[in-house]
Every structure is written in C-alpha cells, then in structure tokens.
1. Find, among the trypsin sites (Lys or Arg not before Pro) in segment 44-124, those assigned to loop by DSSP (not H, G, I, E, B) with at most 13 other beta-carbon atoms within 10 angstrom.
2. Take Thr75, Thr103 and order them by how many other Cβ atoms sit within 10 Å, fewest up front.
3. What list do you get for Met255, Met214 if you sort them by fewest beta carbons within 10 Å?
4. Within segment 93-175, report the GluC sites (Glu not before Pro) that DSSP leaves as loop and that have at most 12 other Cβ atoms within 10 Å.
5. Going by how many other Cβ atoms sit within 10 Å of their own, how do Val34, Val249, Val265 line up, fewest first?
6. Which label marks the calculated value of volume of the Cα convex hull per residue in Å³, given the options (1) 134; (2) 116; (3) 163?
7. In nanometres, what is the gap between the two model label sites at Val166 and Asn205, each 7 Å from Cα along Cα-to-Cβ?
8. Provide, as a two-decimal number, the C-alpha radius of gyration of segment 183-292 over 2.2 N^0.38 Å, N being how many residues it has.
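Each value in this text was obtained by applying a stated rule to the coordinates, not by laboratory testing. The model shown is predicted, which means the values in this text are computed figures rather than measured ones. Please note: Cβ atoms are built from the backbone with ideal geometry, for glycine as well, and neighbour counts cover all protein chains shown.
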Amino acid sequence: MNRASEPHADLRVGFIGAGRLGKALAWSLARRGVRVVAAASQSQSAAQSLAAAIPGCVASSSQAVADRCDLVFITTPDEAIARAAAAVTWRAGMSVVHCSGVTEVAALAAAARAGAATGGFHPMQTFGDPAAAVASLPGSTITIESADEVLNATLVDLAGRLECRVNRLPPGMRARYHAAAGFTSQFINALFSQAAQVWASWGANEEDALRALMPLARGTLASIESAGIAAGMPGPVSRGDVASVDKHVQSLAGMGEEMAQFYRVMCGATIPLAQARGAIDEAVASRFRALLSPDR
C-alpha cells in the first residue's frame with residue numbers, strides 16, 4: 001500500500017471476483033481515475049469481461065492479482081470470501097478488502113496474518129445490472145470498516161471519488177447492519193406482495209396493483225426524505241383515524257389469519273411513529289393497540 005499523503009496516489013487496484021458487484025465497482029473506480037490493473041474469477045470469461053472494459057486491466061489468476069496490486073477487493077459471494085483469502089499468498093504492507101455487508105472483516109484473517117491491512121467496503125446499492133449500477137452508485141452510501149488508519153483513509157477517499165456518502169461500522173455489527181438494509185430493500189417486495197394479494201381479491205392482477213401503488217410508494221419515500229420517518233408518514237394512524245383502521249381489520253379478516261396478522265403487526269408498528277410526530281396522544285394510541293390486538 002502506498003503510504004503517501006494522498007492515499008490514492010499510484011494505487012494499483014485489483015479484484016478477485018468478477019460478478020455483478022465486482023464489475024460495477026471496478027468499472028466505477030476506473031472511470032474516476034483509479035488504476036484498476038487486474039481481475040480474477042473462477043470464470044475466466046467473467047474476469048475477461050471485467051478487464052475488457054478497463055484500459056490496462058488484465059484477467060489473471062488470484063495470486064497474480066495479489067502480486068501485482070496494492071489494494072485487492074474480494075468481491076466473491078459471501079461464503080467464498082474466507083476461502084478466497086486463504087487461497088492467496090499475501091504480503092505485508094498491501095491491503096485486502098471485502099465488499100460484503102454481512103460478513104465480518106475477520107474472514108480476511110489469512111491476509112491479516114501475512115501482514116496485510118484488511119477492511120470492509122460495502123456499497124448500499126443493488127447490482128442486478130452492472131452497467132446500470134455504475135449509473136446509480138453516485139449518491140449511495142458505502143459502509144467502511146478498517147482498524148488500519150491508512151487503509152481507512154484510502155477507502156474514504158475512494159468512496160469520495162465514487163461520489164458516495166460514508167458510513168462507519170465497528171467490528172461485530174455487520175450482520176445487524178445488513179439486516180437493517182433488508183428492511184428498506186427486499187422487505188419492500190414483501191409489502192408489495194401483500195398489497196397485490198389484496199388487489200387480487202377483487203380480480204386485479206399484479207400489473208394493475210403496481211401501476212396504482214408505485215406512485216403512492218414514491219410519494220411516501222419523497223415525504224420521508226424531506227420530512228423524516230415519523231413526520232413523513234401518511235395514513236389513518238398518522239391522523240388518529242381509528243374508524244378507518246377498524247374497517248381495515250374487519251375487511252382483511254376475510255382473507256385469512258396470515259393476512260390479518262400481517263396487517264396488525266405492520267399497522268401496530270406505525271403507532272409510535274404517529275405519537276412521535278405528535279399526531280395522536282396516548283389515549284388514541286391505546287385505542288389503536290386494542291383494535292389491533294390478536295385477542296380482539
């Protein structure tokens with residue numbers, strides 16, 4: 001690792017793992033002037049695809065990436081991170097970083113034992129299409145973790161080059177952090193699935209439901225972004241409308257206990273938000289909780 005005052009100066013970066021995340025991150029860094037010089041993957045064609053889009057980058061073996069680079073990103077699937085780190089001979093002074101949200105940095109123990117600095121660099125973004133992810137990455141948050149001050153400074157610099165915000169994470173918190181991300185990513189899919197099931201009860205299909213509900217969801221997200229979580233919450237609980245929630249409960253009961261329970265849990269979780277914004281007092285909150293009780 002170059003220990004210059006500018007942590008990115010002359011830095012040679014490589015990737016072990018050339019899937020969607022590896023490609024998107026490598027291409028993004030290269031477009032911002034970072035020297036991405038080598039890539040390796042279990043699939044030689046994947047490594048070649050990553051390297052072909054970056055002038056001066058070559059597809060090679062994992063060991064060749066480690067030998068040639070100052071900073072190596074391991075962008076394999078989570079279960080392969082420790083194995084990929086253990087399969088390479090590292091050297092003191094270089095840096096090895098994985099890009100998993102849930103795997104602890106300790107998975108890079110083999111590199112640390114060899115004297116390499118280790119860390120985590122997790123972009124909070126989806127990577128279904130690498131080319132699209134390159135466009136959507138700016139403005140995202142990257143979670144950085146490293147006990148090494150120089151590596152930490154380098155990773156912060158790289159996040160800045162990517163036009164991303166930085167979130168810092170202490171050791172031992174990655175699983176909790178990753179779970180939190182799930183609340184606002186894949187759990188949205190579950191919410192839409194439940195709503196689409198309700199729409200299906202009167203004969204509407206999924207496309208009908210999405211056309212109607214997506215603008216509503218976008219409006220809510222815009223409100224949260226501008227006003228905050230509690231103040232940006234719409235709906236009957238936010239305005240103390242007990243009668244409407246009562247009608248919801250009675251209607252959804254006809255769709256089975258699973259649907260009714262889902263509504264009770266989710267609606268119940270909005271009660272403290274309405275209290276936090278000062279929209280309802282404890283007396284109204286108690287009426288909501290009684291109405292949503294499974295023993296009602």
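1. In loop regions of segment 44-124 (DSSP not H, G, I, E or B), the sparsely surrounded trypsin sites (Lys or Arg not before Pro) are Arg91.
2. Thr103, Thr75
3. Met214, Met255
4. Glu163
5. Lowest count first: Val265, Val249, Val34.
6. Looking at volume of the Cα convex hull per residue in Å³ for this model, the match is (3).
7. 5.0 nm
8. For segment 183-292, the normalised Cα radius of gyration is 1.10.
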